[in-house]
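Down below is the structure, laid out as C-alpha cells.
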Amino acid sequence: MELFRLSAGQAAGGIKSREFSAEEYVCQLLERIKKVEPKVNAFVTVNSEEALEQARALDKKIRDGQDAGALAGVALSIKDNICVKGLRTTCASKMLESYVPPYDATVVRRLKQAGAIIIGKVNLDEFAMGSTTEFSRHGPTRNPWDISRVPGGSSGGSAASVAALECAASLGSDTGGSVRCPASFCSVVGLKPTYGLVSRYGLVSYANSLEQVGPVGRTVEDVAAVMNVIAGTDEHDHTTAAVGARPVYSAGHDGGRQQQQQLRVGLVKEFVEGADSAVAKIIHSAMDTLAKQDCRCEETSLGAVKYALASYYTIAMAEASSNLARYDNVRYGFDDLNPEGYEWNSYFAKARSNFGEEVKRRIIVGSYVLSSGYYGKYYLKAQQVRSILRKELKSLFKHYDVLIGPTMPILPFKIGEKIEDDPLKMYLVDIDTVVANLAGNPAISVPAGFAAAAAAGDGGGLPVGLQMMADEFQEQKMLDAAFLFEGAAKVQRSPEL
Ligand code: GLN
C-alpha cells in the first residue's frame, strides 16, 4: 500500500486503528522525499531521525490504549520561517543560516500535542518576500506539475511538498497571498485564516498587521482538520482574537452545510477581468459548477481592488523595514563576518549587505515610505485605502456568503521569467490575494482545473485555483463552500514525478 498517498484524515485513521503503524507511514514518506527531492527541492531540512522517534513513541501510545490525538501520526512540513524547537529556522536567508530556535511556535506546539509529526522544514522566498520561491538561499523550489516552472510563493516549499506527496499537509504563512498563491500553482488547498484567529507566536515577522499562519493540504477536509488544531486564542500573542482556545471547524458530509440555506456566491468581476483568458474560463465554469450545486451565483464588483496592490506593498514594505532592523549579526546572524573593526556604521552595513536583493529593496522602499517627508504621501494613504477596502468588503458580505475569483490571474510561469528584469512584474501577480490580507478576511484557494499554457509542451496542463473569501471569522461558511465545490468539481489528481 502506498501510504504516502493518504490524506491526513486517512493516515490518522489507519494509524489509530492499527491498520499500519506510524513508523511504516513515516518510513514511506522519508523514502518518497528521498526520491522526489532532487526534482522538487521543497525541503530545507528533513527531520528524519526525530520524525521516526516520534512515530515509534506514538505507536507505543496507541498499543497502550492511550489517546493519540486528532492528527495521530500525520506528517506535516513546516515553512522555514516558523519556529520548531531544535530545528534550524533559516527563513531562506544567510542572516539566519545557523539559527536554531529554543522553542516551538504555538502552532507547532499544538500540532505536536495533537499527535502530528514534523517531517521537516520547507523552502520559501527569503523572509517570505516573494511569490515564486526563487529568492531563496537554498535555491528555487520547483513546481511538481512541471519542474521548469515556479511553485508560487512564498510558501512554495509547503505547497510543493504536499502536492509531491512528501507529506500530508503543511503550515505556511500568508502576508499577501503566500499560502494561497502556491496552493493555486500546485493544485492543492491553502487557507489564510481571519487575522487574529491563529497565533503568530514563533512566526518570524515580515509584516505583522497582514500575516497569518495557514494550512496547506490536499483536501478541504484536511485543511479544516489542521485549522481545528492551530486556531484559537493564545496568551503568547495578544493579537489573537477572543474566539476561545479551540474553535471547531468541519468539512465533510457532517459539516455545517446541512443547516445552511442556499449559499450566496458573488463573482468579483475585477478579479476575473485582469486574469488570463485560460484562467478566466476555468473560473467561469467554477461558478457554473457552484450554480448547479444550488448556490445563488451572480457577478459583483469590488471597486477598491485597483488600489489594493499599491496599498499592500507600501504597508508590507514599511512593516518589513522595521521588523528586519533586528538582523545585525549581533543578536541574530551568521558569525563569519571578519570585520576590519567594530565601528557601528561600517559593521552594520557589512552585516546587512548579506540580505538578498529583494529583501534589501524592500527595506529601502519601506524606510522611504515611513520617512517624515513622505509618510503622509505614501504610508498614510495606503492605510486610508485599507479602510476603504475593508468597508467595501463589509458591505458586500451583507449580500454574499463567499466572494470568488481566481487565486492567481496567470498560470504558473517558468523559473526566472518574472524576476529577470522588473520586480514589479512579480508584484502584479498578487492582485487577487492581497485584498484578504489588507482587510483581515479569511480566504481559501481550492483546485479548480487545469489549463494549457499558450506555449505548448506542458503535458496535462497547469493548475488553476479558485479563491473564496468570506466575512471575518466566517471560516465555517467558507469551508462549506469550498467542500461543496471540491466535491462537485473533482479536479484533484497527483503529478507524475
Ligand atoms: N508576494 C507577496 C509579497 O512578496 C506575499 C508574500 C507573503 O504572503 N508572505 O509580499
Handout entry: Hits in segment 196-206 (condition: crowded, with 23+ Cβ neighbours inside 10 Å, within 15 Å of the ligand (Cβ to nearest atom) and in a loop (DSSP other than H, G, I, E, B))
Key = Arg200, Val204, Tyr206
Exercise for the section: Examine segment 297-310 for a residue that is among the hydrophobic types (A, V, I, L, M, F, W, C), within 16 Å of the ligand (Cβ to nearest atom), surrounded by fewer than 16 Cβ atoms within 10 Å (Cβ to Cβ) and under 22 Å from the mean Cα position of the chain (by Cα), and state whether such a residue exists. Expected result: yes
Fill in the blank from the handout: Restricting segment 273-296 to residues that are part of a helix (DSSP H, G or I) and over 14 Å from Ala448 (Cα atoms), the one farthest from the ligand (Cβ to nearest atom) turns out to be Lys292
Problem - Ala436 over 30 Å from Lys39 (Cβ atoms) and of a type in the set (Gly, Ala, Ser) - result: yes
Fill in the blank from the handout: Checked Cys181, Cys167, Cys186 against criteria (under 13 Å from the mean Cα position of the chain (by Cα), in contact (Cβ under 8 Å) with a residue 24 or more places away in the chain and away from the ligand (no atom under 14 Å from the Cβ)); the one match is Cys186
Problem - Residue in segment 107-114 that is part of a loop (DSSP other than H, G, I, E, B), within 16 Å of the ligand (Cβ to nearest atom) and within 15 Å of the chain's Cα centre (by Cα) present - result: no
Problem - Odd one out for Asn329, checked against (1) part of a helix (DSSP H, G or I); (2) of a type in the set (S, T, N, Q); (3) more than 16 Å from the ligand (Cβ to nearest atom) - result: (1)
Problem - Extreme residue, surrounded by the most Cβ atoms within 10 Å (Cβ to Cβ), among residues of segment 207-221 that are away from the ligand (no atom under 12 Å from the Cβ) and of a type outside the set (S, T, N, Q) - result: Val216
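Condition check ((1) touching a Lys or Arg at 6+ places or on another chain (Cβ under 7 Å); (2) under 30 Å from Ala164 (Cβ atoms)) across all residues:
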position	(1), (2)
Leu197	no, yes
Arg218	no, yes
Glu221	no, yes
Ala224	no, yes
Met227	no, yes
Ile230	yes, yes
Glu235	no, no
Ala241	no, no
Gly244	no, no
Problem - Matching option when the condition is β-branched (Val, Ile, Thr), assigned to a loop (DSSP other than H, G, I, E, B) and either at positive phi or surrounded by fewer than 21 Cβ atoms within 10 Å (Cβ to Cβ) (or both), among Thr133, Thr89 - result: Thr133
Practice task
Might you check whether a residue that is of a type in the set (A, V, I, L, M), more than 25 Å from Ser395 (Cβ to Cβ) and in a strand (DSSP E or B) occurs anywhere in segment 223-236?
Solution key: yes
Fill in the blank from the handout: Flagged pairs (Cβ under 6 angstrom, 6 or more apart or on separate chains; first in segment 117-129, of a type outside the set (Val, Ile, Thr) and modelled with pLDDT of 95 or more; second assigned to a strand (DSSP E or B) and within 14 Å of the ligand (Cβ to nearest atom)) are Leu124/Lys79; Ala128/Ser173
Practice task
Would you check which residues across segment 136-184 are closer than 21 Å to Ala116 by Cβ and either of a type in the set (D, E, K, R) or surrounded by fewer than 24 Cβ atoms within 10 Å (Cβ to Cβ) (or both) and list them?
Solution key: Leu165, Glu166, Asp174
Practice task
Return a yes/no flag: does segment 147-161 have any residue that is closer than 26 Å to Ser494 by Cβ, free of Cβ contacts under 8 Å to residues at least 60 places away in the same chain and away from the ligand (no atom under 12 Å from the Cβ).
Solution key: yes
Handout entry: Any hit, segment 356-367, residues being touching a Ser or Thr at 6+ places or on another chain (Cβ under 9 Å) and surrounded by fewer than 13 Cβ atoms within 10 Å (Cβ to Cβ)
Key = yes
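The values are calculated or read from the model by the stated rules, or taken from the named source; none is laboratory data. Quick caveat: nothing in here was measured; it's all calculated off a predicted structure. Cβ coordinates were reconstructed from backbone atoms using ideal geometry, including for glycine residues, and neighbour counts include every protein chain displayed.
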